[in-house]
1. Can you say whether SER20 is among the hydroxyl-bearing types (Ser, Thr, Tyr) and either assigned to a loop (DSSP other than H, G, I, E, B) or modelled with pLDDT of 60 or more (or both), as far as the supplied structure shows?
2. Residues PRO64, PRO97, PRO90: which one is over 15 Å from TRP33 (Cβ atoms) and in contact (Cβ under 8 Å) with a residue 24 or more places away in the chain?
3. Sort out which residues of region 46-61 are hydrophobic (A, V, I, L, M, F, W, C) and either touching a Leu at 6+ places or on another chain (Cβ under 9 Å) or surrounded by fewer than 20 Cβ atoms within 10 Å (Cβ to Cβ) (or both), and write them in order of number.
4. Those residues that are closer than 16 Å to TRP33 by Cα and surrounded by fewer than 22 Cβ atoms within 10 Å (Cβ to Cβ), I need them from region 71-81; list them, please.
5. State the number of residues belonging to region 105-119 that are within 17 Å of the chain's Cα centre (by Cα) and buried (at least 18 other Cβ atoms within 10 Å of the Cβ).
6. Please work out which one of (1) touching a Pro at 6+ places or on another chain (Cβ under 7 Å); (2) modelled with pLDDT under 95; (3) surrounded by 15 or more Cβ atoms within 10 Å (Cβ to Cβ) is the condition VAL30 fails and give its number.
7. Looking at ALA102, ALA84, which is the one that is surrounded by 21 or more Cβ atoms within 10 Å (Cβ to Cβ), in contact with a Lys or Arg (Cβ under 9 Å, 6 or more places away or on another chain), within 17 Å of ASP71 (Cβ to Cβ) and free of Cβ contacts under 8 Å to residues at least 60 places away in the same chain?
Amino acid sequence: MGSRRIVLLAILLAGCGGSSRPLTIHDKPVTHWLQALHDPDSKARRKAVEALSNVGAADPAVIPALIETLDDREASVRGAAVLALLKIGPEAGEAVPALRRALQDKDVKVRTYAAKALERIENPSDVN
């Protein structure tokens, strides 16, 4: 019985090793979603933002790309980017200056989301 457990443990641990496969979301690599942030279609850009929100700080290119997206021409994309940074939370600390600028956005939802994101990022212990 003990040797079976050891073999099972060895098999499980072998699967936990580092992988050279890139991180994927919806079966597409992060690079696909980063490129999609520049798609002419705002729906594609928004979908990319939402996908990248699930990556967070696991890929060092994601947070800077989301920060850049706060300047998107479409309010729905900017709002999605703010929500993505809110979801990432304190690990998105580098977004604070851009989120402060988003407090002045012409869209009320973007401004509201930015205030919530700043609260979560700057005061993580105060947020449930």
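The values are calculated or read from the model by the stated rules, or taken from the named source; none is laboratory data. This is a predicted model, so every value here is computed, not measured. Every residue, glycine among them, receives a Cβ derived from its backbone with ideal geometry; neighbour counts consider all protein chains shown.
1. So SER20 fits the description; yes.
2. The match here is PRO90.
3. Answer for region 46-61, where residues must be hydrophobic (A, V, I, L, M, F, W, C) and either touching a Leu at 6+ places or on another chain (Cβ under 9 Å) or surrounded by fewer than 20 Cβ atoms within 10 Å (Cβ to Cβ) (or both): ALA48, VAL49, LEU52, VAL55, ALA57, ALA58, ALA61.
4. ASP72
5. The number of residues fulfilling the criteria is 5.
6. Evaluating VAL30 over (1) touching a Pro at 6+ places or on another chain (Cβ under 7 Å); (2) modelled with pLDDT under 95; (3) surrounded by 15 or more Cβ atoms within 10 Å (Cβ to Cβ) leaves (2) as the failure.
7. None of the other options fit; the residue is ALA102.
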